[in-house]
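Read-outs throughout are calculated quantities, based only on the coordinates presented, and are distinct from any laboratory measurement. In this text, all values refer to a predicted model and were calculated from it rather than measured experimentally. Quick reminder, even Gly has a Cβ in these numbers, built from the backbone with ideal geometry, and neighbours come from all protein chains shown.
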């Protein structure tokens with residue numbers, strides 16, 4: 001790879017979010033415009049994986065100037081090229097502006113969203129073409145593998161991972177080296193290794209983004225792991241809804257084979273290891289490792305009881321080690337830079353960094369990587385920029401559907417495995433869904449239980465029956481038909497499911513209910529005793545009306561009402577026909593004068 005002929009590089013994000021917003025067309029337009037001005041020999045346009053700030057896409061970064069451009073359109077390309085590359089000054093229209101009255105910030109690392117992060121897993125984010133192995137190698141790619149295969153024994157590899165303190169990033173946080181050791185010691189002529197890329201949590205896309213942006217890091221980590229445990233074959237189990245990730249990891253496999261970094265006799269060391277991509281059908285339960293293995297074998301994706309554990313009896317009855325995408329992506333840099341370096345990151349028991357998808361009621365949504373132990377406040381207000389519209393932060397859901405809701409009173413909670421568990425939540429694979437004051441926590445609990453009911457495999461009674469009973473109780477409460485005994489029934493059901501479900505997903509399924517009851521019990525009581533939804537969300541418990549003192553008669557609410565329930569003359573206060581109103585809230589969202597009142 002030779003970039004010496006170019007004075008400037010434009011790195012265009014080609015992660016799923018930006019591609020869906022037309023970033024590949026932006027790339028083509030940039031190349032055409034640069035060529036028109038005779039700059040194509042001086043400025044190189046490169047596509048990268050996800051650059052993280054997903055809501056601002058399409059994104060482009062100009063290096064070495066570190067200038068960040070956001071929300072690009074085809075109309076922006078001619079003036080951008082003229083301003084930046086001909087006149088030598090950044091194009092202000094597409095710069096990042098953190099607030100209406102604040103000045104634009106041209107440089108990427110001056111933006112709060114980026115400057116508070118620490119990149120380890122996402123170390124190559126936005127700086128290389130993920131479809132070119134040469135670029136990965138240029139950024140120290142495969143140096144960890146070379147070290148592991150030529151100067152380390154399997155025991156030494158596992159000891160290095162152990163000393164680093166790396167814990168599995170798929171949810172439970174089990175020590176990676178301990179898992180590897182179990183598989184290594186298992187007596188078998190054939191062993192397998194799996195990369196779990198079947199993230200099914202609503203709002204989560206960490207694994208997808210890593211596979212899209214840095215597929216060789218995952219392959220390198222898997223190959224090092226295979227050497228450590230003695231595996232002959234690896235499988236990457238990835239959701240079928242991730243076509244771009246599938247395409248890039250398959251290209252990476254072929255490139256690695258061409259370079260002698262995968263397949264037979266890797267780096268002339270006599271070590272053989274191959275990887276196959278398996279496309280999952282999108283079942284949430286297949287994120288559980290025994291269900292995932294059943295799916296790979298061609299069986300229905302249902303968990304099985306343990307023991308035996310996969311390290312003893314996994315795929316086709318052979319010892320199998322399973323880690324997720326983020327875990328494998330950590331391995332090469334640990335081997336390359338050393339366990340001592342990695343162990344300085346994070347907390348005493350939770351080492352390294354964690355990748356999160358930060359979504360929901362947050363100003364800056366996207367993919368972030370932070371050191372373990374960082375306070376929630378720094379993620380939500382430092383990186384995330386706080387809550388839109390100046391509204392109050394209410395809670396954050398951590399750990400996906402089986403995670404828990406952490407309230408505002410715990411904003412200074414350090415984010416690590418132990419502290420989240422103490423709060424009733426879990427790390428999970430890394431989803432953070434932020435909620436503001438207008439979020440009903442009873443409705444949130446119902447949403448996640450609904451999801452889990454739909455995704456349950458139905459194999460064990462606690463999930464198959466217990467979750468449905470919880471759903472029915474929650475539906476009664478949001479409909480204004482709840483009774484005083486429902487809270488006790490929910491708690492009893494939750495503990496029964498938690499203690500008796502077959503798999504880890506079932507054991508954690510009650511967490512949304514348990515944490516909302518723990519921290520927001522007054523909302524349940526308001527729904528039941530007062531027949532009132534404090535957040536103004538549950539339709540059966542609210543009424544919309546218009547404040548005549550604030551209404552300007554602009555007619556916007558009437559034009560947005562789907563059932564024509566609002567009437568009134570222009571420039572005169574309007575009224576809502578309660579008989580026709582469906583309490584959908586369209587009028588409240590459309591009104592610019594806060595004239596819509598929810599009672």
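Computed on the Cα atoms alone, the convex hull of the range 252-298 gives a volume of 98 cubic angstrom per residue. Each peptide among 495-501, 184-190, 163-169 gets the average number of other Cβ atoms lying within 10 Å of its residues, and from highest to lowest they stand as 163-169, 495-501, 184-190. Just report the Cα centroid separation between the range 385-443 and the range 117-139, whole Å. Distance between centres, Cα-based: 30 Å.
Take the Cα pairs of the range 441-529, get the Kirkwood Rh, then feed it into Stokes-Einstein at 20 °C and 1.002 mPa s and tell me D in µm²/s. Translational D for this selection: 169 µm²/s.
For the peptides 416-422, 111-117, the ranking by mean Cβ contacts within 10 Å, running from highest to lowest, is 111-117, 416-422. Each of 503, 584 has some number of other Cβ atoms within 10 Å of its Cβ, and from fewest to most they run 584, 503.
DSSP finds beta bridges in the range 201-332, and of those with both partners inside it, around 20 percent are antiparallel. Calculated FRET efficiency, residue 589 to residue 189, Cβ-Cβ distance, R0 = 60 Å: about 0.45 to the nearest 0.05. Only DSSP H runs of four or more residues enter the estimate; each adds -39500 (n - 2.57), and after division by the residues of the chain the mean residue ellipticity at 222 nm equals -10000 deg cm²/dmol.
The spacing between the range 276-317 and the range 165-224, judged by their C-alpha centroids, is 14 Å.
Listing 76, 207 from fewest to most neighbouring C-beta atoms within 10 Å gives 76, 207. The Cα atoms of the range 133-343 give a gyration tensor whose axes a ≥ b ≥ c have a/c under 1.5, which makes the shape rounded.
Remark: spin-label model distance residue 174-residue 560 equals 4.9 nm, labels positioned 7 Å along the Cα→Cβ axis.
Bridge orientation summary for the chain: considering DSSP beta bridges with both residues in this region, about 55 percent are antiparallel. Of all beta bridges that DSSP places with both ends in the range 8-115, some 60 percent have antiparallel geometry. Relative contact order (percent) for the chain, with alpha-carbon contacts under 8 angstrom and 6 or more residues of separation? Here the relative contact order equals 11 percent. Legend: calculated FRET efficiency, residue 481 to residue 569, from the Cβ-Cβ distance at R0 = 45 Å, rounded to 0.05, equals 0.70.
Among 195-203, 471-479, 35-43, sorting by the average number of other beta carbon atoms lying within 10 angstrom of each residue, highest first, gives 195-203, 471-479, 35-43. Quantify how much of the Cα-Cα distance distribution of the range 543-598 extends past 18 Å, in percent. Value for the range 543-598: 15 percent of Cα pairs lie more than 18 Å apart.
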